[in-house]
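Below is one structure, written out as structure tokens; comments come after it.
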Amino acid sequence: MGVVLGLSAYYHDSAAALVVDGKIVAAAQEERFSRLKGDSRFPAGAIDFCLKSSGIAPQQITAIVYYEKPWLTFERILSDLVDNVPYGYENFRRGLSVWYGEKFFLKQRLRRSLRNLLGVDVRSKLKFSEHHLSHAASAFYPSPFKSAAILTIDGVGEWATCTIGHGQEGRIRLLEEMRYPHSWGLVYAAFTHFLGFKVNSGEYKVMGLAPFADPLSADIQRFKDIILRDLITLHEDGSMDLNSAMFDFRRRGKMVDVAKWSSLFGMPAREPEAALKKEHANLAYALQSTLEEGVIRLARHTRKITGEANLVMAGGVALNCAANGRLLREKIFDEIWIQPAAGDAGGALGAALAYHHLVDQGERRPERPDSMSGSALGPSFTNQEVLAELEVFGLQARSLSEAELVAETADRLHQGQIAGWFQGRAEWGPRALCRRSILARASDPDMQKRLNVAVKFRETFRPFAPVVLNSESHRYFVGGENSPYMLFTYPLHPDQRRALPGDFSSWEVGDKLKSDRGTLPAITHMDYSARIQTVDTGTNPRMAKLLEAYKGRSGHAVLVNTSFNRRGEPIVNSPRDAIISFLHTDIDFLVIEDFVIVRAEQAPDKWAAAKSMFHDETMLTD
């Protein structure tokens, strides 16, 4: 039996994944256990979960594979020092203590941490993949295709920032690569910083801000001209050259020289948490459309050199669902499949799969829709475990049959209540896939603001995604069938739209939020798009039953689906996490496995006591 444990750690998004005889049996990010968003530490909790949930003893592990080669990364940093003398020295000096203390001896550090956790010597079992090979493997091997083109795009991994590959049966060949510092991911991160959001977590906010732009504004074309003239040179094949003089991450450890960029764009950098204005949205739109053009060109070039009709993708940029939606509509490929955990966490899974197929020569048997088990690869909890936690908090709960639970949940959602939904195994990846989700009525015009302000505690402009019955998706969206992982945006069906005032495009960001855009305002973005998750009885039977029941009451088989967490914290993992979030938000009722806990049914003194049991930590800005 081949048992391969894949790991990512020490940069961001630490994770572990377990592959047994080629089958993906468990995968999770460390942040779900540590409750530290983006946790980069050794993934002890994730490893422990993977092994215990699968019944695998440490002695049974045949290989432990780290997702990249640290020496190549160190080589790149040394090269930066030489290339940027004298500016690079101070940046290097600051980071040298970290590298010397933690990453320079990463192999020894991994061995020690694994030995302490597992109780066995792993010296002969510890292997190292390459960063973009891990991404490529995470995309190709679980996909439903016998052969496919592979495109990976991210910030940087070792030296590569983008690769084009070819997967055939059990083999992967990387054919071309774009190298640091020329990076779509780093360019997007630089704009994320300039727009006042946090790098490595706020990029999706920039993507969400872009549709608030005024497409008729001359500023958009001016911004695009600046990007393509002063910041990057875009080539026909989708590769690009970054103008290093305009970026500071190589020389001073900052993304950009703010004064230089402010002069270039004729606007100051936005301070974090400051009000969002049209100029910010217009700049985000210019960036997003430039990225999309680059992705389209990369895809065309990938099709040309591989000759494949199907495409698989991974890397952090592959989580840009707006670019993915554009790529779908261009119809360059017949089918596209994207790894749900496309970022660095997914590298843990790719490292394990690459070892199984490329080293152990394991046989590959692609299956439909894929071999990811709907991405339900994380922890699950029994009703007995849930009840034990409810008793700790002293909350009043009711245990229901599935039919009763579905009916009551549908009734309450139809009445406008907000649900915390906790069912089965946790999702693998950054998207809530109705395993650890917050659900609400999509037709409520006040729901977006209510969720952002009183539940998620985040910026009011942030959009929400829908979950919809796969069989009903065509009623609401154009081409939105079979989208189980929330990785593509689709246009709202014309029948679901409402006409906007003629001067709508020139409105300020805050004013646009108040517009009546259609029949499903809580999930309809400013450009009439939505990031869709589809479900059916095969992928998520209980959720499919809930949508059917909700349709019977409301006429709609679609709900708001957002991640079950508050701003600055990871998605909930355990019943305790869910209960704490429930206690400290305006969620109306909580459904954990077969239990329903309703806020209005709790005695005030019991509620206050439960709420005080665990300190409500200050929200982090993310």
Of the residues Gln423, Gln415, which single one is out of contact with any helix residue (DSSP H, G or I) (no Cβ under 8 Å at 6 or more places or on another chain) and either assigned by TED's automatic domain parsing to the domain that holds Asn565 or of a type in the set (A, V, I, L, M, F, W, C) (or both)?
Gln415
Kindly check whether there is at least one residue in the range 364-379 that is at pLDDT 95 or above, part of a loop (DSSP other than H, G, I, E, B) and closer than 30 Å to Asp225 by Cα.
no
Only listed residue being crowded, with 20+ Cβ neighbours inside 10 Å and either in contact with a Lys or Arg (Cβ under 7 Å, 6 or more places away or on another chain) or not assigned by TED's automatic domain parsing to the domain that holds Arg567 (or both), chosen from Ala274, Ala269, Ala210
Ala210
Since Asp586 meets every condition but one in (1) in a helix (DSSP H, G or I); (2) charged (D, E, K, R); (3) surrounded by fewer than 21 Cβ atoms within 10 Å (Cβ to Cβ); (4) modelled with pLDDT of 95 or more, which condition does it not meet?
(1)
Filter the range 380-389 down to residues that are touching a residue at least 24 places away in the same chain (Cβ under 8 Å) and assigned to a helix (DSSP H, G or I), then give me how many there are.
5
All but one of (1) farther than 30 Å from Gln60 by Cα; (2) touching a Ser or Thr at 6+ places or on another chain (Cβ under 6 Å) hold for Pro142, so report the exception by its number.
(1)
Tell me, yes or no, whether the range 57-65 has at least one residue that is of a type outside the set (Asp, Glu), at pLDDT below 90, surrounded by fewer than 23 Cβ atoms within 10 Å (Cβ to Cβ) and assigned to a helix (DSSP H, G or I).
no
Extreme residue, nearest to Leu209 (Cα to Cα), among residues of the range 248-281 that are basic (Lys, Arg) and part of a loop (DSSP other than H, G, I, E, B)
Lys277
Within the range 152-184, residues out of contact with any helix residue (DSSP H, G or I) (no Cβ under 7 Å at 6 or more places or on another chain), not charged (D, E, K, R) and not in a loop (DSSP other than H, G, I, E, B) come out as Gln168, Met178
Given the criteria under 23 Å from Gly362 (Cβ atoms) and charged (D, E, K, R), does Arg123 qualify?
no
Among (1) surrounded by 24 or more Cβ atoms within 10 Å (Cβ to Cβ); (2) part of a loop (DSSP other than H, G, I, E, B); (3) among the β-branched types (Val, Ile, Thr), the one test that Val468 misses:
(2)
Counting only residues that are touching a residue at least 60 places away in the same chain (Cβ under 8 Å) and among the β-branched types (Val, Ile, Thr), the range 193-225 contains a total of 2
Quick one: in the range 361-382, which of the residues that are of a type in the set (S, T, N, Q) and over 17 Å from Gly350 (Cα atoms) is nearest to the chain's Cα centre (by Cα)?
Ser380
Flagged in the range 121-134 as at pLDDT 95 or above and of a type outside the set (Asp, Glu), in numbering order, are Lys125, Leu126, Lys127, Phe128, Ser129, His131, His132, Leu133, Ser134
Of residues in the range 110-134 being in contact with a strand residue (DSSP E or B) (Cβ under 7 Å, 6 or more places away or on another chain) and of a type in the set (A, V, I, L, M), the one surrounded by the most Cβ atoms within 10 Å (Cβ to Cβ)
Leu133
How many residues does the range 287-327 contain that are within 22 Å of the chain's Cα centre (by Cα), part of a helix (DSSP H, G or I) and surrounded by 19 or more Cβ atoms within 10 Å (Cβ to Cβ)?
21
Based on what the data block shows, is Leu106 buried (at least 20 other Cβ atoms within 10 Å of the Cβ), touching a Pro at 6+ places or on another chain (Cβ under 8 Å), hydrophobic (A, V, I, L, M, F, W, C) and modelled with pLDDT under 90?
yes
Tell me, please, whether a residue that is part of a helix (DSSP H, G or I) and in contact with a Gly (Cβ under 8 Å, 6 or more places away or on another chain) can be found in the range 565-574.
no
On the basis of being touching a residue at least 60 places away in the same chain (Cβ under 8 Å), farther than 26 Å from Arg35 by Cα and of a type in the set (Asp, Glu), does Asp594 make the cut?
no
So Lys224, is it touching a helix residue (DSSP H, G or I) at 6+ places or on another chain (Cβ under 7 Å) and either within 20 Å of Val295 (Cβ to Cβ) or at pLDDT 95 or above (or both)
yes
Pick out the one residue from Ala137, Ala149 that is at pLDDT 95 or above, outside any loop (DSSP other than H, G, I, E, B), within 30 Å of Asp241 (Cβ to Cβ) and touching a Ser or Thr at 6+ places or on another chain (Cβ under 7 Å).
Ala149
Of all residues in the range 408-462 being in a strand (DSSP E or B) and in contact with an Asp or Glu (Cβ under 8 Å, 6 or more places away or on another chain), which is surrounded by the fewest Cβ atoms within 10 Å (Cβ to Cβ)?
Ala419
Based on what the data block shows, is Ala284 part of a helix (DSSP H, G or I), surrounded by 19 or more Cβ atoms within 10 Å (Cβ to Cβ) and not β-branched (Val, Ile, Thr)?
yes
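The values are calculated or read from the model by the stated rules, or taken from the named source; none is laboratory data. Fair warning: this is a prediction, and the values are worked out from it, not measured in the lab. No Cβ is skipped: glycine too gets one built from the backbone with ideal geometry, and neighbour counts run over all protein chains shown.
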